1. Would you mind putting 33-45, 11-23 in packing order, based on average other-beta-carbon counts within 10 Å, highest first?
2. Tell me the label-point distance for the pair SER30, SER52, using the 7 Å Cα-to-Cβ offset, in nm and rounded to one decimal.
3. Is it possible to state the helix-based mean residue ellipticity at 222 nm for the chain, with each DSSP H run of 4+ residues giving -39500 (n - 2.57), the sum divided by total residues, to the nearest 500 deg cm²/dmol? What is it?
4. Å³ per residue of the Cα convex hull, for the chain?
5. Go through region 48-61 residue by residue and turn each phi into a ³J(HN,Hα) via Karplus (6.51, -1.76, 1.60, θ = phi - 60°); whole Hz please, and just put x for glycine and proline.
6. When only C-alpha pairs under 8 Å and at least 6 residues apart count, what is the relative contact order of region 4-61, in percent?
7. For LYS14 and ARG38, compute 0.36 nm times the residue count separating them, minus their Cα-Cα distance, and round to one decimal in nm.
Amino acid sequence: MMRVNIGCGQTPTKSWTNFDNAPAIKLASSKFRLSLARALGMVSEDNKSYISWLQKNDIEFANAVERIP
């Protein structure tokens, strides 16, 4: 049985599929996007630590208003 946590933020549930709509998730999952955002100065110090945290946790991007994958 699959269990999902929609809108998990920084509290993902272990062994569940965790979704959130934070744009930083897209940066964390793409080396190209992250490199580009850093080169353009679009990543603040707070975002850097959040992106690092996202890369260590299994959180997927989804917008619950549009569609959950």
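1. Working: 33-45: 12.2, 11-23: 14.7.
Packing order, densest peptide first, comes out as 11-23, 33-45.
2. Calculated label separation equals 2.3 nm.
3. Numbers: 3 runs with 27 residues, N = 69.
It lands at -11000 deg cm²/dmol.
4. With only Cα atoms used, the chain gives 94 Å³ per residue.
5. Once θ is set to phi - 60°, the couplings for region 48-61 become 4, 5, 5, 5, 4, 4, 4, 5, 8, 10, 9, 10, 9, 7 Hz.
6. About 41 percent, as a whole number.
7. So the extension gain works out to 5.6 nm.
Every number in this text was worked out from the coordinates using simple rules, so none of it is lab data. Quick caveat: nothing in here was measured; it's all calculated off a predicted structure. Neighbour counts are summed over all protein chains in view; Cβ atoms, including those assigned to glycine, are modelled from backbone coordinates with ideal geometry.
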